[in-house]
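Here, each number is a calculation from the coordinates, and none is a lab measurement. The model shown is predicted, which means the values in this text are computed figures rather than measured ones. Neighbour counts run over all protein chains shown; Cβ positions are idealised from the backbone, glycine included.
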Amino acid sequence: MTLIALGINHNTAPVEIRERVAFAADQVSEALQDLCERAAVDEAVILSTCNRTELYAWPRADATQSTAEMLRWLATYHHLPEDALSDNSYQHTGEHALRHMMKVASGLDSMVLGEPQILGQMKSAHAVAQEAGTVNGELGRLFQRVFAVAKRVRTDTAIGENPVSVAYAAVDLAGHIFSDLHNNSALLVGAGETIELVARHLREAGVSRLVIANRTLGRARELAAQFGAEAVLLADIPQQLEHADIVITSTASQLPILGKGAVEQALKQRRHRPMLMVDIAVPRDIEPQVGELADVYLYSVDDLREIVDENIRSRQEEASKADLIIEEGLARFRQESRARGAVDAVRQYRRQSESTRDAELERALKALTRGEDPVRVVKDLARGITNKLIHAPTAGLKEASAGGDRKQLALARALLGLNESDREDENNNLNDDVPAENAPDSSATAVDTPVEKTG
């Protein structure tokens, strides 16, 4: 197998390099065709995400030579010095490349262990290559095997079930407290990267109403526009609290933004309906005394980090199970590859046998046309076919016997379907030549010529 996987990722290259070799969605199709033309590969797929760029290919020539050409192509395409990539890249070939692809698709090679988005990204990359006409043979079949293994990892392990980011853990916590987030509203305080992630996760979870409060209204509106949310100032928080089932804060304020009195007043307006409050900020945005209120579930960033750390440990345990699934997938691949080799041999042997049969049948029909005895013709036909079919196996058996290779003899008996109970004196059988009267006819066609023995 000459599969090649070449790329860079968050483990091998800084963001300054990763961003320079990333492919925009609208240039991948053209890049694939250029790669196949310039790097001498028959099939190719390009995977480009924020954390990795990888090329998967089935080369026309030597794998080592094709790998060097692919690296050179990647550097040239993105106008980078080749050594800038060679120092930050990795290359895998054959089964090692297939194992790497399975790990990537399963989320085992991701920055966030077990993250589920990468499988969809690989499927999209494969679909783009299909549309571009650069994957349709061996590489395409290997991708289907990769997807099947990744699906089994997702089905048979819990590697992606527990959140391992603070933002996602906050939203996951809300999902445990409120049975259906579609009926709940959320107030987010702050407009930084963490709040942006929280807003995205809440929208994906189906929260009905989302309000973003920030010190500057412009940034709040900018973020709110991405998620169909409302934008308000920090001064508007008291009026918003009574409508908020979920409050998540993450600001850079040096003093608390929410005190016990404001929350207590909001709870009265809510008629003591419960409220989840998650304070991700350091220093804290919510006074610790708020947690003393009966209808408030208050969690700090430290509480979430304990959840995240436990979930990371859980994912690492599940990753061990995923590794076993990948190794099982590779073992099945090896077995099926060996079986395909047998299929090729059987197909070739059948063609050769059918050619022998046709030649002998043609000879018999000519004899019948000449008026020869039909019984004699049929006997000669049966004898001729039998002798030509058994000549090569007989020669091989005699050679194995002469060399004392009992293991090869036992294997040959098994392949020929010879039962041990029917075994006769092996020495006599293997050391006697085929009777002269049964020897292959000198007028046989080229197909019928005995196969030359090999040493």
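Please determine, by comparing only the residues of the range 93-151 that are hydroxyl-bearing (S, T, Y) and within 19 Å of F333 (Cβ to Cβ), which one is surrounded by the most Cβ atoms within 10 Å (Cβ to Cβ). Result: S106. On the stretch given as the range 163-206, residues that are among the hydroxyl-bearing types (S, T, Y) and under 14 Å from V301 (Cα atoms) total 3.
For the range 39-58, a residue qualifies if it is in a strand (DSSP E or B), crowded, with 23+ Cβ neighbours inside 10 Å and not polar (S, T, N, Q), and the qualifying residues are V41, E43, A44, V45, I46, L47, R52, E54, L55, Y56, A57, W58. For the range 175-220, a residue qualifies if it is surrounded by 20 or more Cβ atoms within 10 Å (Cβ to Cβ), more than 34 Å from the chain's Cα centre (by Cα) and of a type in the set (V, I, T), and the qualifying residues are V189, V211, I212.
Look at the range 122-138: where a residue is hydroxyl-bearing (S, T, Y) and a partner is outside any helix (DSSP H, G or I), sitting 6+ places away or on another chain with Cβ atoms under 8 Å, you get T134/E43; T134/A44; T134/V45.
So that you can scan it fast, the table gives a plain yes or no per residue for (1) more than 24 Å from G160 (Cβ to Cβ); (2) surrounded by 12 or more Cβ atoms within 10 Å (Cβ to Cβ); (3) touching a Pro at 6+ places or on another chain (Cβ under 9 Å):
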residue: I312; (1), (2), (3): no, yes, no
residue: D323; (1), (2), (3): no, yes, no
residue: Q335; (1), (2), (3): yes, no, no
residue: R351; (1), (2), (3): yes, no, no
residue: I385; (1), (2), (3): yes, yes, no
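Among the residues of the range 177-186, at least one is in a helix (DSSP H, G or I) and either in contact with a helix residue (DSSP H, G or I) (Cβ under 8 Å, 6 or more places away or on another chain) or farther than 25 Å from E115 by Cα (or both).
L197 meets all of the listed conditions (1) more than 26 Å from A220 (Cα to Cα); (2) free of Cβ contacts under 8 Å to residues at least 60 places away in the same chain but one, namely (1).
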